[in-house]
Amino acid sequence: MKCDELLKALSDYVDGDVDPSVCHEFEEHLAGCNPCQIVVDNVRKTIALYKAGEPYPLPEEFQRRLHASLRARWRQKFGK
Amino acid sequence: MEGMESGTSPSDLELLRSAREGQWVAFEALVARFEPRVFRLTWRILQQRQDAEDATQQTFISVMEHLDQFREEAAVGTWIFRIATNQALAMLRKRRGRNTVRLDTQANQGDDETPMPHPEFIAQWRDDPAELAERREVKELLGQALSELDEKYRMVFVLRDVEEFSTKETAELLGITESNVKVRLLRARLRLRERLTRALGDESTRLAPDHGHETGNRVT
């Protein structure tokens, strides 16, 4: 497999979404290629890290304002 | 509320139906269910708190205005996230318009022309994601790395990998093909991997990216 093909297979492999013959060829390569093993691990960790981070909790003050403005709009629309 | 069994909470659809009939309490419950995720999604796309607040508000105003148009074959959540994504995109376009740079989320140019970024800094990370996620400087790094990505790659990464929409859903939300989604996702992942590994990788485990790939030799 050429480099670009390997990278593409790597991404699909991380998703578990790859055609069996490509997967097999990629896994064979992976077995003998330490850098690629590390890259696969890096990509998995990158995704896990973004999923794990919860840096954007809904600001309470914004939530209050949002509900108040929606309530006002609702009254206009439905009259109750 | 209509359809509510005692002891179980109403489904999204039940809430929407009650809201359609003018029940504020049902609409507010629906907002409360989705506002954290809508805020998070728009924040990640727009990378600015004020814009995310505006986009979140616009999303729920739009939901309120279009309750009657909701077609019940779709899932309520998917509908709301599509509205949120469109709001965020509209805001990106407006922002870009001010800087007179064309927002190219639809076009595929650049995806196939510019070479795929090959991994250069290859090393084991020093710590696990779970530990890293707690640290403030890592959170800043994540935000920084994401904002450095081209918008069209950031959109796909946020929707696919962070918000866990499927390839098909992501393609629909962005109005691109599934194949576009995959190519852009790959580029996003590779760039983020590179950026993060440079900061978080253990130098002593660093390996050179050399193993006959460049020559295109078949590896048996």
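The values are calculated or read from the model by the stated rules, or taken from the named source; none is laboratory data. These numbers come from a predicted model, not from an experiment. Note that we place each Cβ from the backbone using ideal geometry, even for glycine, and neighbour counts take in every protein chain shown.
General remarks:
- Matching entry among B:Val158, B:Val138, B:Val183, B:Val162 (being under 19 Å from B:His118 (Cα atoms) and either of a type outside the set (D, E, K, R) or crowded, with 19+ Cβ neighbours inside 10 Å (or both)): B:Val183
- Scanning the stretch B:34-47 for residues that are more than 12 Å from B:Phe81 (Cα to Cα) and either facing another protein chain (nearest Cβ under 9 Å) or among the basic types (Lys, Arg) (or both) returns B:Trp43, B:Arg44.
- In the set A:His29, A:His67, only one residue is over 26 Å from B:Leu196 (Cβ atoms) and either more than 16 Å from the chain's Cα centre (by Cα) or at the interface with another protein chain (Cβ under 7 Å from one of its Cβ atoms) (or both); that residue is A:His67.
- Subset tally (residues that are within 30 Å of B:Glu21 (Cβ to Cβ) and modelled with pLDDT under 90) for the stretch B:83-105: 1
- Verdict on A:Phe62 being farther than 30 Å from B:Arg135 by Cβ and either aromatic (Phe, Trp, Tyr) or within 15 Å of the chain's Cα centre (by Cα) (or both): no
- At least 1 residues being modelled with pLDDT of 95 or more and more than 20 Å from A:Ala9 (Cβ to Cβ) is the threshold, and among the helices (runs of 4 or more DSSP H) wholly inside the stretch B:141-209 those reaching it are B:178-200.
- Within the span defined as the stretch A:20-41, every residue fails to be without any contact (Cβ under 8 Å) to a residue 24 or more places away in the chain, crowded, with 19+ Cβ neighbours inside 10 Å and within 30 Å of B:Leu41 (Cβ to Cβ).
- Restricting attention to the stretch A:36-62, the residues that are over 30 Å from B:Arg198 (Cβ atoms) and facing chain B (nearest Cβ under 7 Å) add up to 2.
- All positions within the stretch B:48-67 that are hydrophobic (A, V, I, L, M, F, W, C), in contact (Cβ under 8 Å) with a residue 12 or more places away in the chain and within 11 Å of chain A (Cβ to nearest Cβ): B:Ala52, B:Phe60, B:Val63, B:Met64, B:Leu67
- Residue list for the stretch B:161-209, restricted to those being in contact with a Lys or Arg (Cβ under 7 Å, 6 or more places away or on another chain), more than 10 Å from chain A (Cβ to nearest Cβ) and not aliphatic (A, V, I, L, M): B:Thr170, B:Glu178, B:Arg184, B:Asp202
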